[in-house]
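Right, one structure below, let's go through it.
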Amino acid sequence: MAVALSSDQQGILNQLGVTYDQFLFYQNGRIGGRCLTQSMAALLWYDFFLTLGEEVQYVWKTKPRISVAKILWFLNRYWPLASVCMRVWAMAYVQPTKLAYVRHFGI
């Protein structure tokens, strides 16, 4: 399906040195990446809430209150949640720059 681009849009693609098909391939990859990231976030949060009761019972209510193992467990448990939240936020609100296109197309 041929899409008519405005002269401004065509000029931007020419500045980037890419064709319309290359641009569509890049955008479709971004959309696929967003879907995968959001599904990963949903699964992580689902797992988090399913196991929260056991976490409180077996980790936080046991003695000693703070240990190296608990700190490592905490990092292993909560770092992925924070990371996926940042990724979802970035994919929702941060727009790609010209540099992102240049890096993707290897110009």
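Structure notes:
- Principal-axis analysis of the Cα atoms of the chain puts helix 20-55 at an angle of about 10° to the longest axis.
- Whole-Hz couplings from phi, Karplus 6.51/-1.76/1.60, listed for segment 7-18; x for Gly and Pro: 5, 5, 5, 5, x, 5, 4, 5, 4, 6, x, 10
- Here the label points at Y78 and C35, each 7 Å from Cα along the C-beta direction, are separated by 3.4 nm in the simple model.
- Rounded to the nearest 500, the 222 nm mean residue ellipticity of the chain from helices alone is -25500 deg cm²/dmol, with -39,500 (n - 2.57) taken per DSSP H run of at least 4 residues.
- Short-range pairs are left out: with C-alpha atoms under 8 Å and at least six residues apart, the relative contact order of the chain is 48 percent.
- Set against the 2.2 N^0.38 Å expectation for a compact globular protein, segment 46-101 has a Cα radius of gyration ratio of 1.65.
- With the convex hull constructed from alpha-carbon coordinates only, the chain shows a mean projected area of 9.8 nm² over all directions.
- Comparing Q15, Q38, Q27 in a Gaussian network model of the chain, where Cα atoms under 10 Å apart are tied by springs, the biggest mean-square fluctuation is seen for Q15.
- Cβ-Cβ FRET estimate between F49 and D21, R0 fixed at 30 Å, reported to 0.05: 0.10
- Centre separation in Å (Cα based) which lies between segment 63-98 and segment 33-52: 12
- Full extension of the segment from R65 to N14, taken as 0.36 nm per residue of separation minus the current Cα-Cα distance, would add 12.3 nm.
- Sites matching trypsin sites (Lys or Arg not before Pro) across segment 1-73 that sit in DSSP coil, with at most 11 neighbouring C-beta atoms within 10 Å: K61, R65
- Accessible-area value, S7, 1.4 Å probe, nucleic acids and ligands omitted, Å²: 100
- HN-Hα J in Hz across segment 80-85 - Karplus 6.51, -1.76, 1.60, θ = phi - 60°, x for Gly and Pro: x, 5, 5, 4, 5, 5
The values are calculated or read from the model by the stated rules, or taken from the named source; none is laboratory data. This structure is a prediction, so every number in the text was calculated from the model and none was measured. No Cβ is skipped: glycine too gets one built from the backbone with ideal geometry, and neighbour counts run over all protein chains shown. When the accessible area is computed, the model is the full protein with side chains, heavy atoms only, and any ligands, DNA or RNA have been set aside. Shrake-Rupley method; radii C 1.70, N 1.55, O 1.52, S 1.80 Å.
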